[in-house]
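Written out below as structure tokens is the structure these notes cover.
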Amino acid sequence: MRPGPDPDTLAWASTAVRRFAAATNLLVAARRFRIVGGDPRDVAALHGLLRGLGARPAADHEPIDQLWCLGAPEDATPVIEREADRPRGATLVVVDAGRHLPAVDEDAFGPVTSVRPGVLGVPALSDDVFLVSTGREPEDAPAAEDRLRWARRSMPVSRAVAAELRDGGLLRGTRVGVALFLEPKTAVLSLLLRDAGAEVVVYAHADETDDAVASALRSAGLTVHASSTATTAEQKALALAMLDTRPHILLDDGSHLIRLAHQERPDLLPTMLGAAEETTSGLRPLRVMASRGELGIPVVAVNDARTKTFFDNRYGTGQSTVFATLDLVDGLASGTHRVVPGGAAVVAGFGHVGEGVALVLDALGFRVTVADTDPVRALQALVAGYAVAPLTDAVQDADLVVSATGVRDTIDLDVLRACADGAVVAVAGGVDQEVAIDDAMAAGAVRTTIGRKVERFAWPDGHGVLVLDDGGCINITAAEGNPIEIMDLSFAAQLGAVRMLLEHGDELDRAVVPIDPAVDEATARAALAAFGSRAVPPVRSSADPADREPDVRTRRFGDPT
């Protein structure tokens, strides 16, 4: 067996890829890459990490999406100039990942411009070529308008679906309430709906509000009910104010606004066409309400769209959760935690989110153990190559624990007490008290802030664990959410749900209803094209043999008589 990279090289490669993602909010998986220059050991480590995350090396004849530069600037310059000759709209991100010295001479291509914090444009080369340096600390400037423009350029599928809605005039006179994590991609969705003819009103929870983005939407003329400093009571008032605009359609995350409408504004329900919900944890209570006959509107299960669950949950949440977690850990003082390159990690839950989290942790060199109470999912994890153990046993030697269930008390008091001293606990997706914070405090834990969005919970015996951001959804509350291309798929499905409600809302049952399979197919075809694939599946005609009713008689033993 060939040895893997040494810990220092592994840590460098991990940091480089995470800084690329933090600067761009772009996806690693599915992108074609090439590496130029550099020490062969560094090249091998970076190549292995990118491949493990789902990227693929471009063939000689293929255009590339990402050019990773590791050597001297004179190695990179001719390749950048050659690759800059590309069709309009085909984005190239040049990543200066020089380990010790810059690998790209930014002055060699003429004046550069800031496109968004951490990303430079090179207009003398092309409007579609951008430079990112992983040697710089990630910038934290708001620059909301720039971030919105950057997100919009990488959301071609949502733009195409919104254009169809606009051209069909379906949204004229329709008020749409958007109750999603308020960051650049959601802002683009809101503006696309506005441009397609809808009146759009926006709400977001305090810990899911980027105030600079909220301000940008207000400047664009949208009504926004959100503030990152709102108390719980103020958040409820903001949510009710949004509902009091009487939206015809509600796009929700966690179904909090849908449930609030049923609890406090039941008179609104008869005037609504319906809602769309994009999370597993949000659909669970809605299905209970439907089973009791208490759901007063149709709710399209956007979460169950294949182009959402297979990509957003797995690749999007996997990348963004693990990267955000490790970025926070990197900011802690040495000796305050156990997390090290090549260390041990536990993933609680092996649904689509857990699969994605485990995949990314494994690619980054962690030894991954999966805990799932469902024996079939546990078996899936075992066959996928991960160790499997009960959660309380698994966490005893773990450096990092990630909950990926969306179920309250997954990391309960017994699990917290079983964690190794100094272990880091984070939540992917999630619901309130997925980490049993209240029970920990009731059991005598003392919480101390030790870093940005990191607290140590210590018990009187001295044992303590580090919990990230009060057990909140860490990729949202501490970072910019899922990669842009992934949310482009999810928001295209949201727009497909809007079309369903506009065209058939009066006919749909007051229940959780599946999304039209045609939405998945259209979204996937558009995404394949956007990713540069020529393997766009053709639309089958009704005469296609696959659509014919099969002959139920067996011919294995000769023609039936």
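The values are calculated or read from the model by the stated rules, or taken from the named source; none is laboratory data. This structure is a prediction, so every number in the text was calculated from the model and none was measured. So basically every Cβ, Gly included, is an ideal-geometry build from the backbone, and we count neighbours across all protein chains shown.
Values as computed for the structure displayed
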quantity: Near pairs, Cβ below 6 angstrom, 6+ apart or cross-chain, from the stretch 268-283 (closer than 12 Å to Leu250 by Cα and modelled with pLDDT of 95 or more) to any residue that is hydroxyl-bearing (Ser, Thr, Tyr) and buried (at least 21 other Cβ atoms within 10 Å of the Cβ); calculated: Glu277/Ser255
quantity: Residue satisfying all of: in the stretch 85-121; small (Gly, Ala, Ser) and surrounded by 21 or more Cβ atoms within 10 Å (Cβ to Cβ); nearest to Phe33 (Cα to Cα) among these; calculated: Ala97
quantity: Lone qualifier among Leu379, Leu359 - being more than 17 Å from the chain's Cα centre (by Cα), surrounded by fewer than 24 Cβ atoms within 10 Å (Cβ to Cβ) and within 30 Å of Pro517 (Cα to Cα); calculated: Leu379
quantity: Filter result for Ala518 (more than 16 Å from Ala301 (Cα to Cα), of a type in the set (A, V, I, L, M) and surrounded by fewer than 22 Cβ atoms within 10 Å (Cβ to Cβ)); calculated: no
quantity: Identity of the residue in the stretch 3-27, polar (S, T, N, Q) and assigned to a helix (DSSP H, G or I), that ends up farthest from the chain's Cα centre (by Cα); calculated: Thr9
quantity: Candidate set: the stretch 1-21, residues that are surrounded by fewer than 21 Cβ atoms within 10 Å (Cβ to Cβ) and small (Gly, Ala, Ser); chosen: the one modelled with the highest pLDDT; calculated: Ala11
quantity: Residue match in the stretch 445-464 (condition: closer than 19 Å to Phe323 by Cβ, modelled with pLDDT under 95 and among the hydrophobic types (A, V, I, L, M, F, W, C)); calculated: no
quantity: Residue match in the stretch 396-412 (condition: surrounded by fewer than 23 Cβ atoms within 10 Å (Cβ to Cβ), touching a strand residue (DSSP E or B) at 6+ places or on another chain (Cβ under 8 Å) and closer than 13 Å to Ala345 by Cα); calculated: yes
quantity: Unique residue being β-branched (Val, Ile, Thr) and surrounded by 24 or more Cβ atoms within 10 Å (Cβ to Cβ) when the list is Val329, Val288, Val302; calculated: Val302
quantity: Count of the stretch 134-193 residues which are of a type in the set (S, T, N, Q) and assigned to a helix (DSSP H, G or I); calculated: 3
quantity: Residue list for the stretch 208-264, restricted to those being part of a loop (DSSP other than H, G, I, E, B), more than 20 Å from Thr279 (Cβ to Cβ) and either of a type in the set (Lys, Arg) or under 25 Å from the mean Cα position of the chain (by Cα) (or both); calculated: Leu222, Ser227, Ser228, Thr229, Ala230, Arg246
quantity: Residues satisfying the stated conditions in the stretch 352-374, i.e. outside any helix (DSSP H, G or I) and either under 12 Å from Gly316 (Cβ atoms) or of a type in the set (Lys, Arg) (or both); calculated: Arg367
quantity: Count of residues meeting criterion [in a loop (DSSP other than H, G, I, E, B) and more than 15 Å from Ser158 (Cβ to Cβ)] in the stretch 194-207; calculated: 3
quantity: Answer residue from the stretch 287-320, given it is part of a helix (DSSP H, G or I) and in contact with a Leu (Cβ under 6 Å, 6 or more places away or on another chain) and is nearest to Leu260 (Cα to Cα) among those; calculated: Met289
quantity: Of all residues in the stretch 45-67 being closer than 14 Å to Ser14 by Cβ and hydrophobic (A, V, I, L, M, F, W, C), the one that is surrounded by the fewest Cβ atoms within 10 Å (Cβ to Cβ); calculated: Leu49
quantity: Criterion violated by Asp439 - all others in (1) within 23 Å of the chain's Cα centre (by Cα); (2) not in a loop (DSSP other than H, G, I, E, B) satisfied; calculated: (1)
quantity: Residue pairs meeting the criteria (Cβ under 6 Å; at least 6 apart or on separate chains; first assigned to a helix (DSSP H, G or I), in the stretch 61-85; second of a type in the set (Asp, Glu)); calculated: Pro73/Asp105
quantity: Selection from the stretch 250-267 of residues that are free of Cβ contacts under 8 Å to residues at least 60 places away in the same chain and on the phi > 0 side of the Ramachandran plot; calculated: Ser255
quantity: Residues that are within 17 Å of Arg19 (Cα to Cα) and either in contact (Cβ under 8 Å) with a residue 40 or more places away in the chain or of a type in the set (D, E, K, R) (or both), drawn from the stretch 86-97; calculated: Val93, Val95, Asp96, Ala97
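This table checks each residue for (1) more than 17 Å from Thr405 (Cβ to Cβ); (2) touching a strand residue (DSSP E or B) at 6+ places or on another chain (Cβ under 8 Å).
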| position | (1), (2) |
| --- | --- |
| Ala275 | yes, yes |
| Glu278 | yes, yes |
| Leu295 | yes, yes |
| Thr307 | yes, no |
| Gly335 | yes, no |
| Gly356 | no, no |
| Pro375 | no, no |
